[in-house]
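Report on the structure given below.
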Amino acid sequence: MKKKFVISLFMVVLLTGCAQPAELPVSEECPPVGPQTDLGGREVRIAIENAYPPFNYLDDDGVGVGWDYDVGRAICELLNCTPIFVETAWEGLFEAMAAGENDVAFDGITINLPRSLKIDYSDPYIEYGQVVVVQEEETRPELTSEESFVASDLNLGTQIGTTNEITAIKLVGEDRIMSFDTFDLPMVALEAGEVDSVIIDEVAAIGFMGENPG
């Protein structure tokens, strides 16, 4: 039986800085964006991890689906190009982009300075925080507050080379971090009881729990 997961709420506040984003005005139509480039039907290679729901993942038939796929196709429809989705491991993704192996990368990539020295970013299109996920039946008091968690010896799973890993190290130090190659492996380890908690992006946490109901 699969185990259910919950988001540790004290960590949501700790890592995102606020509980709810401010409401934004809703427009029925997007404003015009100016002249659009016509790429003449050329192929555009889009790097994608296929392990980051709800943005990109493989369905039960092994077909890549998710928000990134939908947006990639929509953009290519506007720009007259053909999207070629290339499954790419997170580790080495930025180096591959800098080397020209792919044209674009879609993977919920957080903007930071080291990455901006290797690649160009689009304008930001989504804002979300980081959360810590624990098993639903978790009752250990060390996971009920920031202070008790930091003071404990409990470990924290994350994905290598991500801003989540950077935050985890700042929070509890390298000795208590277990880093994995792909996004889904920390969650698999949590389900198996190999890690005490996992730090991931808020939207991805909700997406993973939606794709893996108890």
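For Q36 and E202, calculate 0.36 nm times their separation in residues minus their Cα-Cα distance, and state this gained length in nm to one decimal.
Details: separation 166, 0.36 × 166 = 59.76 nm, distance 3.30 nm.
That works out to 56.5 nm of additional length.
Looking at the P(r) of the stretch 43-116, how many percent of alpha-carbon pairs lie beyond 19 Å?
34 percent
Determine, from the Cβ-Cβ distance of V188 and A74 and an R0 of 45 Å, the FRET efficiency 1/(1 + (r/R0)^6), rounded to the nearest 0.05.
Here the calculated transfer efficiency is 0.90.
Indicate, rounded to the nearest 5 percent, the antiparallel portion of the DSSP beta bridges found entirely in the stretch 45-106. Display every interim value, and only then the final one.
Working: 4 of 10 bridges.
Taking every DSSP beta bridge with both residues in the stretch 45-106, the antiparallel ones total about 40 percent.
Eigenvalues of the Cα gyration tensor times 5, then square-rooted: what semi-axes does that give for the stretch 169-212, in whole angstrom, largest first?
The answer is 19, 12, 9 Å, longest axis first.
Using alpha carbon centroids, what distance separates the stretch 130-154 and the stretch 69-87, in Å?
41 Å
Each reported figure results from applying straightforward, stated rules to the coordinates on display, with no laboratory input. No experiment lies behind these values; they were computed from the predicted model shown. Heads up, the Cβs are rebuilt from the backbone with ideal geometry, glycines too, and the neighbour counts pull from every protein chain shown.
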